Amino acid sequence: MLNISHNQLNKSVDITGTKSGKRVFHTDYFKYFNRFLAAFTIVGFIILFLPWTQNITGRGQVTTLTPDQRPQTIQSPIPGRIEKWFVREGDFVAKGDTIMKISEVKSEYFDPNLVERTGMQRDAKALSVESYTEKVKALNRQISALTQERRLKLEQARNKLLQAKLKVESDSIDLEAAKTNRAIAQRQYDRTATLEGEGFKATKDVEDKRLKLQETEAKLISQTNDLLASRNEVLNAQMEISRTDAEYADKISKAQSDKFTAQSSQFDTEAQVSKLDNEYSNYKIRNSLLYITAPYDGYINKAVRGGVGQTFKEGEQLVGIMPAQVDLAVETFVEPIDLPLIHIGAKVRVQFDGWPAIVFSGWPSASYGTYGGKVVAIENFISDNGKFRVLLAPDVEDNPWPKDIRAGSGAFTMALLDDVPIWFELWRKLNGFPPNYYQTENQVNAAKK
């Protein structure tokens with residue numbers, strides 16, 4: 001008590017003879033206290049030289065090692081209405097099991113026989129394509145026949161032209177012979193007339209020669225007429241060749257035009273068949289989407305859209321599912337200043353929420369209830385919380401993780417770094433220096449080389 005009163009009790013009452021007074025006012029009390037301070041100082045000094053494992057702590061949560069094993073929600077790619085549920089929350093479903101049945105809400109898909117009728121339209125169009133194909137083949141055969149017939153007709157016309165040319169040559173030769181005969185008959189007539197004037201020939205001989213001359217002149221005129229007729233036949237044969245060529249060219253062009261029209265109709269019908277095939281496949285796949293199935297073996301977590309008769313849009317979340325078999329991992333976050341100290345394969349101690357543990361930050365070997373982890377991935381871009389995300393996998397060389405932990409539960413992580421004395425760790429923290437960079441034996445050897 002404070003001695004603020006003028007009536008001091010210790011002067012009027014002797015307390016040195018009491019048991020507590022003997023302990024307090026005894027001179028050995030100060031000796032014991034000095035010994036305690038000396039022992040505490042020595043022990044504290046020794047503790048300063050004990051080893052301390054530097055570490056980087058962080059908070060995270062349990063997740064899965066691969067993205068396809070993480071909890072997800074099932075969406076419907078088409079809008080619809082819930083018709084019936086086949087599961088309850090917490091049920092186990094195998095891959096492909098039906099979770100719910102939905103129905104269409106768009107009027108163009110209300111027909112229950114839409115797939116069958118679309119298939120019938122497609123088959124009818126396919127038969128039309130076959131008909132056009134046969135028509136094209138028939139027109140190809142017709143064009144081939146017309147081409148062959150034109151070749152034969154042109155060959156026949158060329159033969160006639162050749163015959164007409166040969167006849168012209170023959171008539172030309174006959175005309176020259178007729179001219180020669182006429183010249184001979186003229187000379188004979190002139191000679192006989194001269195001899196008849198001199199009295200050496202009779203008048204009858206002159207008349208015979210005149211008759212012969214007239215016959216040769218008539219033969220010359222007839223032969224000239226035959227030559228002109230032969231030349232006219234040559235012209236007619238040439239005209240027949242041109243007419244035949246033009247006639248069959250017109251017929252072939254018309255057949256080719258019909259062929260191209262049939263091909264155009266065939267290609268248009270084939271495009272319609274392809275479109276109907278696409279619609280048939282889409283309708284068939286859309287019918288299969290009326291049953292929402294499980295993408296893998298897992299457990300139904302929560303029905304996001306409950307009840308029956310509720311409508312939803314495409315892409316809306318319907319039900320949550322969690323995989324049955326997962327490879328657990330822990331995602332934790334480290335400060336940017338500590339990121340260079342983390343590397344792939346670094347050892348990490350993990351404490352899971354809900355599991356009792358005794359943790360000594362600087363002595364991980366003396367801690368109880370922590371589990372070993374190993375860094376398998378480090379995010380290259382900073383997260384929204386201003387830290388870098390690090391993914392940890394179970395350390396196969398350590399005790400296995402508890403089987404009852406679930407994805408989403410919390411975890412406390414300690415990334416183990418270098419072993420230093422306690423005094424060095426205190427000095428580092430007082431100065432705000434980062435921990436020592438931990439290097440494996442292989443990294444040290446590589447640095448030395």
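Within the option set Ala193, Ala157, being under 24 Å from Ser242 (Cα atoms) and touching a residue at least 12 places away in the same chain (Cβ under 8 Å) holds for one residue only, Ala157. Within the span defined as the stretch 104-112, one or more residues are part of a helix (DSSP H, G or I) and exposed (fewer than 15 other Cβ atoms within 10 Å of the Cβ).
Determine whether Ser20 is among the polar types (S, T, N, Q) and modelled with pLDDT under 70.
Spelling it out, Ser20 is indeed among the polar types (S, T, N, Q) and modelled with pLDDT under 70.
Counting only residues that are crowded, with 17+ Cβ neighbours inside 10 Å and closer than 17 Å to Ser144 by Cβ, the stretch 239-250 holds 1 of them. One residue stands out in the stretch 267-306 among those that are small (Gly, Ala, Ser) and over 14 Å from Ser103 (Cβ atoms): the one that is modelled with the lowest pLDDT, namely Gly306. Residues that are at pLDDT 80 or above, under 60 Å from the mean Cα position of the chain (by Cα) and in a helix (DSSP H, G or I) do occur in the stretch 52-67. Just one of the listed residues (Thr194, Thr216) is buried (at least 16 other Cβ atoms within 10 Å of the Cβ) and part of a helix (DSSP H, G or I), and it is Thr216.
Find the residue count for the stretch 254-273, including only residues that are among the small types (Gly, Ala, Ser) and touching a helix residue (DSSP H, G or I) at 6+ places or on another chain (Cβ under 6 Å). Total satisfying the criteria: 3.
The values are calculated or read from the model by the stated rules, or taken from the named source; none is laboratory data. Just so you know, these numbers come straight off a predicted model, no measurement behind them. Cβ atoms come from the backbone with ideal geometry, glycine included; neighbour counts cover every protein chain shown.
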